[in-house]
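Q: First the structure, which I've put down as structure tokens, then a few questions once you've had a look.
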Amino acid sequence: MAPNWLSEPLLELGKRWKQSVIVDNRPGAGGAQGAEAAAKSPPDGHTLLLASGSMFTVNPFIYRKLPYSIDSFEMITKVASGPMVVTVNAALPVKSLKELIVWAKNHPGVLHFASAGNGSQGHMAGESFADAAGIEMIHVPYKGEGPAYSDLMAGICEVAVANINTMVPLLKGDRLRALAVTSHERSVLLPNIPTAAEAGLPGFDFISWFGLMAPAGTAKSLSHRIYEDLRSALDQPGLKRYFQDLGMTPVLSEPGTLAQDIAREQAHWKTLIAKRGIHVK
């Protein structure tokens, strides 16, 4: 289970294992459908979950009931991380992040921000941005990035804090405008776009990440082999270029630390979710 645009590391593992790898992308319910399918699979190493961090750091606090939990999986490692980009429909009369914040404060409750769904990284990046900027935006969840950004281009929604690799091709036309990236440093994909701190919102950053997991009960020896094979794969120049082209960075957690990282992030998101009253019926 993986986003199609992040499938290359898994395909590289397939080459090493001399097995075919099928990428089964199951959007919907903040990734819950894909996680449930993976969690119920036999713990034999043949089904893995490449999950967004928000599926484990956010979803437990916004969904009343989930068909999976952190205990449903053997946590293997983070795989990649990368920034988001604050993007607006070009018809919105703002040319910078500062102007967007001022416009939003002068028009409270008017802006709509699109995301790939409740609990998605785009959703939480938008909520984090609104909280840091002291503005209110109305969240509009979609079933995937495609329809969300189509409506952004159409002007049905005015704002998105989007995965940078997905957004960059859409910025080549004249319907969208990028205002800031959410990392501490500028992105090689958008070198002329300032960071949020440079654009007038110091202290705000949001880095999305994806992690590899196996169903609970998977043998430690098998999980260790997957980790080592993935580490070797990510050292390949071709994969390094692949991630660079996506505007992302390959990241491997130290063995056994991913669950701890998730627990730390959960504390942050639990507080923000309660503060902003985010929930899914």
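Q: Report the full-extension gain for the segment Leu11 to Lys172: residue separation times 0.36 nm, less the Cα-Cα distance, to one decimal in nm.
A: Extra length from Leu11 to Lys172 when fully extended: 55.0 nm.
Q: So, one more: Taking 0.36 nm per intervening residue step and subtracting the Cα-Cα distance, what contour gain separates Glu136 from Ala37 on full extension?
A: Details: separation 99, 0.36 × 99 = 35.64 nm, distance 3.56 nm.
Once the chain is fully extended between Glu136 and Ala37, it gains 32.1 nm.
Q: Right, something else. Pull out the extension gain between Arg186 and Ile22, defined as 0.36 nm times the separation in residues minus the alpha carbon to alpha carbon distance; nm, one decimal.
A: Gain on extension, Arg186 to Ile22, equals 55.7 nm.
Q: Measure out, as a whole number of angstrom, how far apart the alpha-carbon centroids of segment 50-75 and segment 183-243 sit.
A: When both Cα centres are located, 19 Å separates them.
Q: Please compute the contact order of the chain in relative form: average sequence separation of alpha-carbon pairs under 8 Å and at least six residues apart, divided by the residue count, as a percent.
A: Normalised by residue count, the contact order of the chain is 30 percent.
Q: Sequence gap at least 6, Cα distance under 8 Å: using those rules, report the relative contact order of segment 1-136 to the nearest whole percent.
A: The value is 24 percent.
Q: Let me ask you something else. How much of the accessible area of the chain, in percent, comes from carbon and sulfur atoms when a 1.4 Å probe is used? Don't skip to the answer; put the middle values down first.
A: Details: 6650 of 12760 Å².
Its accessible area is 52 percent carbon and sulfur atoms.
Q: So what's the angle, to the nearest 10 degrees on a 0 to 90 scale, between helix 237-246 and the longest Cα principal axis of the chain?
A: With both axes taken from Cα atoms, the answer is about 30 degrees.
Q: In degrees, nearest 10, range 0 to 90: what is the angle between the Cα axis of helix 220-234 and the longest Cα principal axis of the chain?
A: On a 0 to 90 degree scale, this one is about 60.
Q: What accessible area per residue comes out for the chain, rounded to a whole number of Å², with a 1.4 Å probe?
A: Each residue of the chain exposes 45 Å² on average to a 1.4 Å probe.
Q: Using the basic label-point model (7 angstrom from Cα toward the beta carbon), what is the Ala263 to Arg276 distance in nanometres?
A: 2.6 nm
Q: A further question on this structure: What is the angle, in °, between the Cα long axis of helix 258-276 and the longest principal axis of the Cα atoms in the chain? Nearest 10 is fine, range 0 to 90.
A: The helix 258-276 is inclined about 30 degrees to the chain.
Q: I would also like to ask the following. Ser150 versus His46, label points 7 Å from Cα toward the beta carbon: distance in nm?
A: Placing both labels 7 Å beyond Cα along the Cβ direction yields 3.5 nm.
Q: What 222 nm value per residue comes from the helices of the chain, counting each DSSP H run with n ≥ 4 as -39,500 (n - 2.57) and dividing by all residues, nearest 500 deg cm²/dmol?
A: -11000 deg cm²/dmol
Q: When a/c is below 1.5 the answer is rounded, else prolate if a/b is larger than b/c, else oblate, so apply that to segment 95-195 with a ≥ b ≥ c taken from the square roots of the Cα gyration tensor eigenvalues.
A: rounded
The values are calculated or read from the model by the stated rules, or taken from the named source; none is laboratory data. Note that the coordinates shown come from a computational prediction; the quantities given were computed from them, not determined experimentally. We place every Cβ from the backbone using ideal geometry, glycine too, and count neighbours over all the protein chains shown. These accessible areas exclude ligands, DNA and RNA; they are computed on the full protein's heavy atoms, side chains included. Shrake-Rupley method; radii C 1.70, N 1.55, O 1.52, S 1.80 Å.
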